[in-house]
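Novice: Here it is, the structure in full.
The values are calculated or read from the model by the stated rules, or taken from the named source; none is laboratory data. Computed from a predicted structure; not experimentally measured. Backbone-built Cβ (ideal geometry, glycine too); neighbour counts: all protein chains shown. Note: accessible area is taken over every heavy atom of the protein model, side chains too, but ligands, DNA and RNA are not part of it. Shrake-Rupley method; radii C 1.70, N 1.55, O 1.52, S 1.80 Å.
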Amino acid sequence: MWIKETLLEVKGLIQSCRDLKNGVEELQDAIPEVKAFQTDISKSVSKWQFKNQPRLDRINEKLTKMDQEQ
């Protein structure tokens with residue numbers, strides 16, 4: 001009886017190892033796409049910051065003046 005249970009557990013473990021291997025391979029395949037996405041996002045954030053920096057500077061100047069007045 002315990003031999004059957006052990007065999008079932010070993011089979012389950014083997015299947016889990018296969019599933020893990022497949023999952024790792026899928027993650028490795030996705031790495032280039034994730035890196036490309038990360039690069040695109042970084043470029044977009046940099047453009048946004050460059051475009052909006054003058055506005056942010058004016059806001060910070062006004063906040064600084066408000067703090068000094070209080």
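Novice: In whole Hz and in residue order, list the ³J(HN,Hα) couplings for the stretch 29-39 that follow from phi through the Karplus curve 6.51 cos²θ - 1.76 cosθ + 1.60, θ = phi - 60°; x for Gly and Pro.
Specialist: 5, 7, 4, x, 5, 5, 5, 5, 4, 4, 5
Novice: Subtract the Cα-Cα distance of Glu26 and Gln38 from 0.36 nm times their separation in residues, and report this length gain in nm to one decimal.
Specialist: On the way: separation 12, 0.36 × 12 = 4.32 nm, distance 1.81 nm.
Between Glu26 and Gln38, full extension yields 2.5 nm more.
Novice: Can I ask one more? Under 17 Å from the Cα of Lys35, which lysines turn up, not counting those fewer than eight places away in the same chain?
Specialist: Lys43
Novice: Using only the heavy atoms of the protein chains and a 1.4 Å probe, how would Met1, Met66 rank by accessible area, largest first?
Specialist: Working: Met1 170, Met66 105 Å².
Solvent-accessible surface, decreasing: Met1, Met66.
Novice: Roughly how big is the chain's charge dipole about its Cα centre, with Cβ charges of +1 (Lys, Arg) and -1 (Asp, Glu), in debye to the nearest 20?
Specialist: Numbers: 12 positive and 12 negative charges, 64 e Å.
Result for the chain is approximately 300 debye, rounded to the nearest 20.
Novice: Given the convex hull of the Cα atoms of the chain, what is a quarter of its surface area in nm²?
Specialist: Details: hull surface 40.7 nm².
In nm², the orientation-averaged hull projection of the chain is 10.2.
Novice: Can you give me the accessible area per residue for the chain, using a 1.4 Å probe, in Å²?
Specialist: Details: 7030 Å² over 70 residues.
Per residue, the chain has 100 Å² of solvent-accessible surface.
Novice: With a sphere of radius 14 Å drawn around the Cβ of Thr39, what net charge do the other residues whose Cβ falls strictly inside it have (Lys, Arg +1; Asp, Glu -1)?
Specialist: Once positives and negatives cancel, what remains is +1.
Novice: Additional query: Below 13 angstrom from the Cβ of Lys11, what's the summed charge of the other residues (Lys, Arg +1; Asp, Glu -1)? Walk me through the numbers before you get to the answer.
Specialist: Details: positive: Lys4, Arg18; negative: Glu5, Glu9, Asp19.
That works out to -1.
Novice: Roughly how many percent of the accessible protein surface of the chain is carbon and sulfur, given a 1.4 Å probe and a whole-percent answer? It would help to have the intermediate numbers written out before the result.
Specialist: Details: 4260 of 7030 Å².
Looking at the chain in its full context, I get 61 percent from C and S.
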